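The values are calculated or read from the model by the stated rules, or taken from the named source; none is laboratory data. Keep in mind it's a predicted model, so treat the numbers as computed, not measured. As a convention, Cβ positions derive from the backbone with ideal geometry for all residues, glycine included, and neighbour counts pool all protein chains shown.
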There are 2 protein chains.
Amino acid sequence: MFKINDNYLKLPGSYLFSTIARKVNEFQAANSDKSVIRLGIGDVTQPLAPAIIQALHSAVDEMADAATFHGYAPDLGYEFLRNAIAKNDYQDRGCEIASDEIFVSDGAKCDSGNIQEIFSVDNKIAVCDPVYPVYVDTNVMAGRTGTYDPKTEVWSDVIYMPCTAENNFAPQLPKETPDLIYLCFPNNPTGATITKTQLQEWVDYANKVGAVIIYDAAYEAYISEDDVPHTIFECAGARTCAIELKSFSKNAGFTGTRLGYTVIPKDLKCGDVMLHSLWARRHGTKYNGAPYIVQKAGEAVYSAEGKEQLAAQVAYYMKNAKTIKEGLAEAGYTVSGGVNAPYIWLKTPDKMTSWEFFDYLLEHANVVGTPGSGFGPSGEGYFRLTAFGTYENTVAALERIKKM
Amino acid sequence: MFKINDNYLKLPGSYLFSTIARKVNEFQAANSDKSVIRLGIGDVTQPLAPAIIQALHSAVDEMADAATFHGYAPDLGYEFLRNAIAKNDYQDRGCEIASDEIFVSDGAKCDSGNIQEIFSVDNKIAVCDPVYPVYVDTNVMAGRTGTYDPKTEVWSDVIYMPCTAENNFAPQLPKETPDLIYLCFPNNPTGATITKTQLQEWVDYANKVGAVIIYDAAYEAYISEDDVPHTIFECAGARTCAIELKSFSKNAGFTGTRLGYTVIPKDLKCGDVMLHSLWARRHGTKYNGAPYIVQKAGEAVYSAEGKEQLAAQVAYYMKNAKTIKEGLAEAGYTVSGGVNAPYIWLKTPDKMTSWEFFDYLLEHANVVGTPGSGFGPSGEGYFRLTAFGTYENTVAALERIKKM
């Protein structure tokens, strides 16, 4: 008789954003007259930029002609895209990353969920708390996290690194030594960043203790301050301890188009074994490449027109971030984030729990946000709003919140 | 100190098709004057059909306008596509499959590699031999296959079901009871099929012993004979024991466009737990949906124009299959397949091993095929040619082979 992977049964409830979607649908069904503004899930609202649309149409035309048709893509991505990534995102910044150290994928969510597969089940993970749920949940599925205590919402075998107002939302080096360290800066959900000097400390620490840093840089395009690193490979020694995950979702609006990449330097080894080889094997066996037309769209992100149009798109969202942050501050909320990230992190008022504030905000302002506790125990009492709505909706949401 | 998943180190050599690609590249580099014809990897050559191209352009236009832009797709796929699949591929055939039992993905290779994750590591798998390498390799990575004997090319904990000329390439019920049974019909690589009565025996067996059949129906569109089932859900009782994998790669030329789906009936349970829930959780956590534009392309596959154009495309490839099969038979080869599948399976001449014949064919006819032994020990002494080339190349390849 077959048996299931019973690690799945340890997962408490459903994926955070599925729960939010269900709650919003229920509210909307019961209140069809109310217009709900969604500043919850980090989904973008601006259309794809003209340079990207043009690249897509042109690639579709290629697929219509046998002479230019593209079948299976190279396992690790087309050269044209890997070269553009290596040059623009790394070499032009003075970082030593070659195009064959880049693995093109269908997005950073998949990569951040799949990357743990190449590591031993015995490895111990460290995560920021609060944190993007995929890191922990996929390790639960793999059987790496021990047992769950529903009271404290803590897994017995996970090292939590609290990020709260007390430490300015920057994790401190853990007391217990981890094998895998998940870091995400600019941070989801807090919108916080760390400086290059601070990140260098993490790289030095990982090299010292023999840990791998899985660095999620999905929000890199939103960095506005000078001393915030755009990639972990700005740090000396990162080539022997870091894997970087990047997304096209937030800098180019690809949430529904799906493209991302992972960088694994060839110097990152366990004994003689390059992690690069393991990921190449996984990619070649369990994945079959991103669509040609989407990879061509990704290439357009790096064209002169693409860069200009996307800078304007990022500026549009950051204007929203400013609107939210300043509006909430005016309304008396304690807020952070929103300067180098499209996320605003606020303290819930009147000692409400995160989910109480979710319900309160939905009920009284018809605005959807994300409960901080959904990202981990230290997120309790916090709440996330995103800058990815339209400007009009963002302004309207803030007016409603101020009136609450 | 972090550790790797050392199951990866057990994998012998590289993924089959990567090895072939390397060998062909080396030959081409050393013989730049020779024109190589590739009838090896199952990649298509015909361009996307006009109905699909039109759907893609139209979806790209939608992505250019904020009013019709699409961000994150629903976890399990858009309703429009799931409804089209449920109706056309199941309900119209009298099979009871609902649209919410369909999980849209970026292809059957990924699904066939990922599906084992929802099962216990203790489960024992049974595979046809020869077989599509992804089934075994992904179970190796998960630690489910025991140890590898390089001499016999056999994994200690895998149940092999030989499919050779002796049993007409149809597997027999295994002596040892498996937990997970991988079946693929029409078969890759042999091109063989089994009748509905034969498949019903498998379904009855699986229900009796408490096994799950993972049924890969990627080549369903090539079925030309009446008594060959188009889906395992034609069989009574399949809803309690079967998962079906489907691809858009072979019926619609999506090898470089990436779309597939998995069917998990809600009646398929381990105790109280629906496998449907586990896969939904995996999909929601480790995957983020197929691109909107690609799902719209998938919808066009089911339009009246799409169906007509794709029937012509399948007929084109099946004309190639006939050309290969008849040509090889004329040249004295023992051949099978090619009637309900785009694959022709031939016995290597003069007791050559599969790789010897690969080299011989590449050297003397400059034709690339796939060594049968790459698909498993019982594939030794066989060779696969695919019908996915152009008609001109197929005819030319056969002329060269006849002259050898």
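Quick notes
- Filter result (surrounded by fewer than 18 Cβ atoms within 10 Å (Cβ to Cβ) and facing another protein chain (nearest Cβ under 9 Å)) within the stretch B:12-54: B:14, B:18, B:50
- Taking the listed residues B:282, B:258, the one that is under 22 Å from the mean Cα position of the chain (by Cα), buried (at least 24 other Cβ atoms within 10 Å of the Cβ) and charged (D, E, K, R) is B:258, with no other qualifying.
- Restricting the stretch B:137-178 to residues that are of a type in the set (A, V, I, L, M) and over 21 Å from residue B:243 (Cβ atoms), the residue that is surrounded by the most Cβ atoms within 10 Å (Cβ to Cβ): B:154
- Looking across the stretch A:55-83 at every residue that is in a helix (DSSP H, G or I), surrounded by fewer than 21 Cβ atoms within 10 Å (Cβ to Cβ) and within 27 Å of the chain's Cα centre (by Cα), the one that is farthest from the other protein chains (Cβ to nearest Cβ) is identified as A:83.
- Qualifying residue in the stretch A:85-94 (condition: among the hydrophobic types (A, V, I, L, M, F, W, C) and in contact with a Leu (Cβ under 7 Å, 6 or more places away or on another chain)): no
- Subset of the stretch B:112-138 (residues that are of a type outside the set (Val, Ile, Thr) and out of contact with any strand residue (DSSP E or B) (no Cβ under 8 Å at 6 or more places or on another chain)): B:113, B:114, B:117, B:122, B:133, B:137
- Of all residues in the stretch A:366-400, those satisfying the criterion of being among the aliphatic types (A, V, I, L, M), more than 27 Å from residue A:153 (Cβ to Cβ) and not in a loop (DSSP other than H, G, I, E, B) are A:395, A:396, A:397, A:398.
- Output for the stretch A:118-148, where each listed residue is of a type in the set (D, E, K, R), over 22 Å from residue A:249 (Cβ atoms) and in contact (Cβ under 8 Å) with a residue 60 or more places away in the chain: A:129
- Of the residues in the stretch B:358-365, none is part of a strand (DSSP E or B) and closer than 15 Å to residue B:403 by Cβ.
- For the stretch A:269-295, filtering for residues that are outside any loop (DSSP other than H, G, I, E, B) and either within 21 Å of residue B:140 (Cβ to Cβ) or more than 9 Å from chain B (Cβ to nearest Cβ) (or both) leaves 17.
- For the stretch A:138-190, the set of residues classified as within 21 Å of residue B:117 (Cβ to Cβ) and of a type in the set (Val, Ile, Thr) consists of A:138, A:140, A:145, A:147, A:158, listed by residue number.
- Residues of the stretch B:104-127 that are within 7 Å of chain A (Cβ to nearest Cβ), more than 13 Å from the chain's Cα centre (by Cα) and not in a strand (DSSP E or B): B:106, B:114, B:117, B:118, B:120, B:122, B:123.
- Filter pass, residue B:314 being farther than 21 Å from residue B:225 by Cβ, β-branched (Val, Ile, Thr) and either part of a helix (DSSP H, G or I) or in contact (Cβ under 8 Å) with a residue 24 or more places away in the chain (or both): no
- Some residue of the stretch A:253-268 being among the basic types (Lys, Arg), assigned to a loop (DSSP other than H, G, I, E, B) and within 14 Å of chain B (Cβ to nearest Cβ): yes
- Lone unmet requirement of (1) hydrophobic (A, V, I, L, M, F, W, C); (2) at pLDDT 95 or above; (3) assigned to a helix (DSSP H, G or I) for residue A:17: (2)
- If the condition is being within 19 Å of residue B:188 (Cα to Cα), surrounded by fewer than 21 Cβ atoms within 10 Å (Cβ to Cβ) and of a type in the set (Lys, Arg), then the stretch B:307-348 contributes B:319, B:322, B:347.
- Of the numbered criteria (1) small (Gly, Ala, Ser); (2) under 30 Å from residue A:292 (Cβ atoms); (3) more than 14 Å from chain B (Cβ to nearest Cβ), the one residue A:156 fails is (2).
- Hey, residue A:139 modelled with pLDDT of 95 or more and either in contact with a Phe, Trp or Tyr (Cβ under 8 Å, 6 or more places away or on another chain) or closer than 12 Å to residue A:376 by Cα (or both) or not: no
- The stretch A:229-255: number of residues that are surrounded by fewer than 24 Cβ atoms within 10 Å (Cβ to Cβ) and more than 24 Å from residue A:268 (Cα to Cα): 1
- Against the test of being closer than 24 Å to residue B:376 by Cα, hydrophobic (A, V, I, L, M, F, W, C) and touching a helix residue (DSSP H, G or I) at 6+ places or on another chain (Cβ under 6 Å), the options B:48, B:11 yield a single qualifying residue, B:11.
- Scanning the stretch A:54-69 for any residue that is under 24 Å from residue A:380 (Cα atoms) and in contact (Cβ under 8 Å) with a residue 60 or more places away in the chain turns up nothing.
- Qualifying residue in the stretch B:350-367 (condition: aromatic (Phe, Trp, Tyr), within 20 Å of residue B:193 (Cβ to Cβ) and in contact (Cβ under 8 Å) with a residue 24 or more places away in the chain): no
- Residue among B:117, B:101 that alone is in contact with a Pro (Cβ under 7 Å, 6 or more places away or on another chain), assigned by TED's automatic domain parsing to the domain that holds residue B:139 and closer than 24 Å to residue A:5 by Cβ: B:101
- Take the conditions (1) touching a residue at least 60 places away in the same chain (Cβ under 8 Å); (2) buried (at least 24 other Cβ atoms within 10 Å of the Cβ); (3) of a type outside the set (S, T, N, Q); residue B:181 misses just one of them, which is (1).
- Residues (closer than 19 Å to residue B:261 by Cα and at the interface with another protein chain (Cβ under 7 Å from one of its Cβ atoms)) located in the stretch B:128-137: B:134
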